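One structure is given below, encoded as structure tokens.
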Amino acid sequence: MGDHLHGLLDGEFHLCQQEHTCPYECEAQGICEVNTEPRSVETTFTGTHETFQFTKYTQIANRLRCAIPIAPGDLGHAGPHVHSTAAHIFHYCEAKCENCGYICHLPLNHPQREHETKHGSMQNTAWAIEGNADAIVEVQGRKYAARDAGTPHICSSVCTQLGRHAHIDYCRSQDGSCQSNESVHIKERMLPSPDRGKDWISHKLFWARTGFKGEVLEALVTMALTDFLLKDPYSGGEQTEFAKCDVQCAGKEHEGTATTAARPSFCTLPIFHPPQPLNWTSAGNGYVSADGHAFDCVNPNNMRQAFHVIFVLDRSSSMNRSDRRPLPNTPSTTLISRHNNNRFGAVLSALHGFWLSRYTTGATRRDSYTVVVFSQRSQVIVNNDFTSTPDQLLNRVVTTPASVGTYFDGALKTAQTSMETHWTNDRAPVIIFLSDGECSVSDTVVFDICNRAVALGKPLSFHAVSFGDNRWSQSLRRMVTIADQVSKNAPKDPLSLQPVPCGYTDAMDTIKLAETFLNIADSLQKPKASLIRT
């Protein structure tokens, strides 16, 4: 007789006449037991660039056995299966953090709108990084690539490790209407899940969304943030810091050294702010960068070496081709397009951006500007100018007509005359020579202007920018080769700690051309990176 005379089939009597425990689990809504002390396990992270040991924190939740006894002679008990016989049985809330899987430690159906938990390892996430598949983010000395697991990090500490930052989430709008003060739609495809649209979102919005599922989560998309009591595990001071823009001033004085820590100067505006007008004035020594970020420190352009910048611009008939056009949606687009909706207009857009980036309202400009335009003949349009505003400078150049022919030697001789006439040891000479390249050049003429600058006291910084077919770039490259050779063999300038730069650039489109002119960055933007649910 098996099992002391128990009934062996459904419907048979229970013959042992003893009380038994119910074999079933609690079937009440909610979670019966949550281990409040996390389980820690030493494990190995294997990423794209690194493999290392770390402590993984997880949480265990249990559904307990039914606590109602089965009476003698019965095969079951009346009523539902529950894990306690108390009048009021406690069950935990069923909500989980979507990133680490930790369970809300408040009671089921708690009155608070926010869920609470201690948070653990972000095992349900992976890194998403702005840029291409080779982009890297470094956090606490560890390097991660897109799609690397986020498990080594903990929800309640990773934001502190990142400093000012944005989070990333899957886009919840079908029509691109997700743009707001708290979010920015990402137009590019991004790993992981490149076919799913994504948004950069603020720290505030991220924590408003975290922990809500189903209908409650979807309702959050349409409700104002003020409608929710946000349960954010970070301090009030950290939350205030995370709400601000993460762009830094590019001044070298903020960098660390072997003996001193870095002292970054951050943009003072909120995250995802619109560009600040360039004519904004600060109560102190602040400034606005060319890309629209406001800083409370001294403009680094006012602390660097002053220059006499000579722009030598090709105005031959080939620059009337319309395969390149002015930058769209800038304050100068309408004016430039009206006169030069062509290659030369694209040059002027970039040139105007360069002038704006170095312009401070009411301040004396330290750099002087000369603009030489050339075709078969050369003409000085702006001569050693210190005082004109960017708009005034543009107005003097924008109506320059095109003419036939291209003569590099003549353009360089005109630039040399301007350099010599207005020479001062307070300003280093810079030539930015821009052309679509359809002309030859004499080595002698290039050596003459470079050697003359050295004889006067400072090597010439020479930059050639090709704005046409790369097949015609040989002359432009030759100019740079000679200038670089002369510069490297020249006596060192005691006022300059850096080598005199010379360079050649293929500016294949208007955007790249603008970046070439603005080669001294106005702000430092670290690649945005965040952990996203997988």
- [ ] Report the FRET efficiency, 1/(1 + (r/R0)^6), for Arg396 and Gln239, where r is their Cβ-Cβ distance and R0 is 60 Å, rounded to 0.05.
- [x] 0.75
TODO: Let me know the Rg and Dmax you get for segment 115-168 when you use only its Cα atoms, in Å.
DONE: 11.6, 37
- [ ] Go through segment 243-260 residue by residue and turn each phi into a ³J(HN,Hα) via Karplus (6.51, -1.76, 1.60, θ = phi - 60°); whole Hz please, and just put x for glycine and proline.
- [x] 7, 9, 4, 9, 7, 10, 5, 8, x, 5, 5, 8, 7, x, 10, 5, 10, 10
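So between Glu420 and Trp472, what do we pick up on full extension, going 0.36 nm a residue minus the alpha carbon distance? Working shown, then result.
Working: separation 52, 0.36 × 52 = 18.72 nm, distance 2.96 nm.
That pair, Glu420 and Trp472, stretches by 15.8 nm at full extension.
With a sphere of radius 12 Å drawn around the Cβ of Gln59, what net charge do the other residues whose Cβ falls strictly inside it have (Lys, Arg +1; Asp, Glu -1)? Please list the in-between numbers first.
Numbers: positive: Arg39, Lys56, Lys96, Lys118; negative: Glu33, Glu37.
Charge balance near Gln59 sits at +2.
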Task: In Å, descending, principal axis extents of the Cα set of segment 40-131 - done: 67, 33, 20
Task: Dimensionless Rg/Rh of segment 130-203 - Kirkwood Rh, Rg from C-alpha atoms - done: 0.97
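Using a 1.4 angstrom probe on the protein heavy atoms only, could you order Asp484, Asp426 from most to least accessible area? Can you show the working numbers first?
On the way: Asp484 40, Asp426 110 Å².
Ranked from most to least accessible, the order is Asp426, Asp484.
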- [ ] List the aspartates and glutamates whose Cα lies under 16 Å from the Cα of Lys528, skipping any in the same chain that are fewer than 8 positions away.
- [x] Glu130, Asp134, Glu138, Asp148, Asp169, Glu182, Glu188, Asp199, Asp246
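Which entries in the list Lys96/Lys187; Lys96/Lys198; Lys96/Lys204; Lys96/Lys143; Lys252/Lys458 go over 26 Å, if you measure between the two C-alpha atoms of each? Write out the running numbers ahead of the final one.
On the way: Lys96/Lys187 30 Å; Lys96/Lys198 22 Å; Lys96/Lys204 19 Å; Lys96/Lys143 29 Å; Lys252/Lys458 23 Å.
Among Lys96/Lys187; Lys96/Lys198; Lys96/Lys204; Lys96/Lys143; Lys252/Lys458, the Cα-Cα distance tops 26 Å for Lys96/Lys187; Lys96/Lys143.
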Task: Interchain or long-range residues, amide H under 5 Å from Ser368's placed H - done: Phe307, His308, Val309
TODO: Measure off, as a whole percent, the carbon and sulfur share of the 1.4 Å-probe accessible area of segment 23-111, all protein chains present.
DONE: 50
Task: segment 107-134-segment 347-408 distance, computed between alpha-carbon centres (Å) - done: 53
Open item on the list: For Ile70, what residues show an amide H to amide H distance below 5 Å, using hydrogens built from the backbone and excluding near sequence neighbours?
Closed with: His20, Thr21, Cys22
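At a Förster distance of 45 Å, what's the computed FRET efficiency of Ser84 paired with Gln179, Cβ-Cβ distance as r, to 0.05? Could you put the intermediate results ahead of the total?
On the way: r = 50 Å, r/R0 = 1.12.
Once the sixth-power term is evaluated, E becomes 0.35.
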- [ ] Count neighbours as other Cβ atoms within 10 Å of each site's Cβ, and list the chymotrypsin sites (Phe, Trp or Tyr not before Pro) in segment 418-466 that are DSSP loop with at most 14 such neighbours.
- [x] none
Open item on the list: Tell me the per residue accessible area of segment 290-336 using a 1.4 Å probe; a whole number in Å² is fine.
Closed with: 41
Open item on the list: Please compute the length gained on full extension between Lys143 and Thr330, using 0.36 nm multiplied by the number of residues separating them and subtracting their Cα-Cα distance.
Closed with: 63.6 nm
Task: Surface per residue (accessible, 1.4 Å probe) for segment 94-182, Å² - done: 45
Open item on the list: For the pair Thr58/Lys488, report the inter-label distance in nm, with labels modelled 7 Å from Cα in the Cβ direction.
Closed with: 5.8
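Scaled to the compact-protein estimate 2.2 N^0.38 Å, what is the alpha-carbon radius of gyration of segment 368-439, rounded to two decimal places? List each step's numbers first, then the result.
Numbers: Rg = 12.8 Å, N = 72, 2.2 N^0.38 = 11.2 Å.
Taking N as the residue count of segment 368-439, the ratio is 1.14.
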Open item on the list: With θ taken as phi - 60° and the coefficients 6.51, -1.76 and 1.60, list the Karplus ³J(HN,Hα) couplings across segment 87-94 in order, rounded to whole Hz; mark glycine and proline as x.
Closed with: 5, 10, 8, 8, 10, 6, 4, 8
- [ ] May I ask you to compute the full-extension gain from Glu50 to Glu25, defined as 0.36 nm times their residue separation minus their alpha-carbon distance, rounded to one decimal in nm?
- [x] 4.6 nm
- [ ] Quick one: which residues, 5 or more positions from Ile186 or on another chain, have an amide H under 5 Å from its amide H? H modelled 1.01 Å from N in the peptide plane, none for Pro or chain starts.
- [x] Lys198, Asp199, Trp200
TODO: Please work out the FRET efficiency for the pair Thr43 and Asp506, using the Cβ-Cβ distance as r and a Förster radius of 41 Å; give the result to the nearest 0.05.
DONE: 0.30
Task: Principal axes of segment 409-473: Cα extent on each, largest first, Å - done: 38, 20, 15
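The values are calculated or read from the model by the stated rules, or taken from the named source; none is laboratory data. Since this is a predicted model, take the numbers as computed values, not measurements. Here the Cβ is made from the backbone with ideal geometry for all residues, glycine too, and neighbour counts use every protein chain on show. Only protein heavy atoms, including side chains, enter the accessible area calculation; ligands, DNA and RNA are left aside. Shrake-Rupley method; radii C 1.70, N 1.55, O 1.52, S 1.80 Å.
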